Amino acid sequence: MLDNTGLLLFWATMGAMAIMALWFASGPLWLGQKTPRVKPSLCLTGLLILGLGMGLLSYSTQPSYEQLQRYYALDRLQQILKELSRKPELTPEIMIETLNQASTNLPDYIEVKQRLADIFYGLGFYQQSGPLFQQLYQTDPDNHQARLRYAYGDSLLNYGQLSVAAREQVHYLFTLNPTDRMVLNLMAMDAFQQADYALAIQIWQAMLDNHEVLMEAAERTAVTKALDKALRLKEENPLPNDS
C-alpha cells in the first residue's frame, strides 16, 4: 500500500496530466479555431480523475481506527494522571486501583502499556511498573529503557539488592554500555548489599576514575561517600583471602 507521500506524488501527476489535457483541448480555441482538438468529454474525464485523486488523498491522510484508539487511550491515561495529581489526599492504594481499573478498559497497545508503566514508575509504584516493563522488553528486546527501569525499581524495592531477573538485565545492559553510570551503580549497590565490598569498591572506584562515566557533582559526591563506606566495612569484615 502506498504511503501518503506516494499517493500525493501519484495524484499530483494525474492532476498535472488532467490540466495538460484541458490546455491541449482548449488551446486551438484560443488560437481562433472553431473546434477543439479533443472532445469535451475527455476534458471532463480529466477533471473527474483530478477530483477523485484529491478525494482519495484526503481520505488516505485521515487517521485509522487503530490510530484513533491509541490516541484516545494515551489521552485517557494522561487525564487520569492529572486528576490524581489534583488529589494529594488519595492513598497509594486508591491511586493504584484507579490506574489498574483504567487500564482494563484500554486497548492493549504497546504504547499504552509503556505509558502506564512509566506512570507507575514515576509515582514510585515499582511493584506495579516492574511486570509491565518486563512485558515491554520481552516484546521488544531493544527497549533498553524498560530493562533499566525494571532493574532500578527492583533495586529500590529490595534496598539495593537485585533479584535474579533484574541482575540479568543489568549485566546485559553492562555488555552494551560498560560506562553507563546507572548500570554501574546498580551493580555496585547489588554487590554492597551482598557484602561483596571488594567488588563494590572496584566498581565505584572505576566510576570515579573513568572520565567516560559522566556524573554531576552531587552524584560524584554520593559515589565517593558510598566508596568510603565500603572501604570501611571491608576493613571491619576482612575475608580470609584478604590477609
For this session: Have a look at Glu168, Glu216, Glu212 and point out the one that is surrounded by fewer than 14 Cβ atoms within 10 Å (Cβ to Cβ), within 24 Å of the chain's Cα centre (by Cα) and charged (D, E, K, R).
Result: Glu168
Exercise. Within the set of pairs 6 or more residues apart or between chains, which connect a residue that is without any contact (Cβ under 8 Å) to a residue 60 or more places away in the chain inside segment 67-88 to a residue that is hydroxyl-bearing (Ser, Thr, Tyr) and surrounded by 12 or more Cβ atoms within 10 Å (Cβ to Cβ) with Cβ atoms less than 9 Å apart?
Worked result: Gln69/Tyr109; Arg70/Tyr109; Ala73/Tyr109; Leu74/Tyr109; Leu77/Ser103; Ile80/Thr98; Glu83/Thr98; Leu84/Thr98
Exercise. Cβ-Cβ below 7 Å, separation at least six or inter-chain, first residue in segment 93-106 and in the same structural domain as Leu81 (by TED's automatic domain parsing) and over 11 Å from Gln128 (Cβ atoms), second outside any loop (DSSP other than H, G, I, E, B) and not hydrophobic (A, V, I, L, M, F, W, C): which pairs?
Worked result: Ala102/Arg76; Leu106/Arg76
Exercise. Is segment 218-234 home to any residue that is assigned to a loop (DSSP other than H, G, I, E, B) and at pLDDT below 95?
Worked result: no
Problem set entry | Selection within segment 122-143 - buried (at least 20 other Cβ atoms within 10 Å of the Cβ) and touching a Gly at 6+ places or on another chain (Cβ under 6 Å) | Ser129, Gly130
Exercise. If Ser155 satisfies every condition in (1) farther than 21 Å from Gln193 by Cα; (2) among the polar types (S, T, N, Q); (3) buried (at least 18 other Cβ atoms within 10 Å of the Cβ) but one, which is the exception?
Worked result: (1)
Problem set entry | Failed item, numbered, when Thr179 is tested on (1) surrounded by 14 or more Cβ atoms within 10 Å (Cβ to Cβ); (2) outside any helix (DSSP H, G or I); (3) at pLDDT 95 or above | (3)
Exercise. When only residues in segment 73-119 that are in a loop (DSSP other than H, G, I, E, B) and touching a helix residue (DSSP H, G or I) at 6+ places or on another chain (Cβ under 9 Å) count, which is surrounded by the most Cβ atoms within 10 Å (Cβ to Cβ)?
Worked result: Leu106
For this session: Look through segment 127-158, keep the residues that are more than 26 Å from Glu97 (Cβ to Cβ) and not in a helix (DSSP H, G or I), and return whichever of them is farthest from the chain's Cα centre (by Cα).
Result: Pro141
Problem set entry | Search result, residues across segment 185-198 that are more than 33 Å from the chain's Cα centre (by Cα), crowded, with 16+ Cβ neighbours inside 10 Å and assigned to a helix (DSSP H, G or I) | Tyr197
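The values are calculated or read from the model by the stated rules, or taken from the named source; none is laboratory data. Note that the structure is a prediction, hence the values are computed from the model and not measured. Glycine gets a Cβ as well: all are built from the backbone with ideal geometry, and neighbour counts include every protein chain shown.
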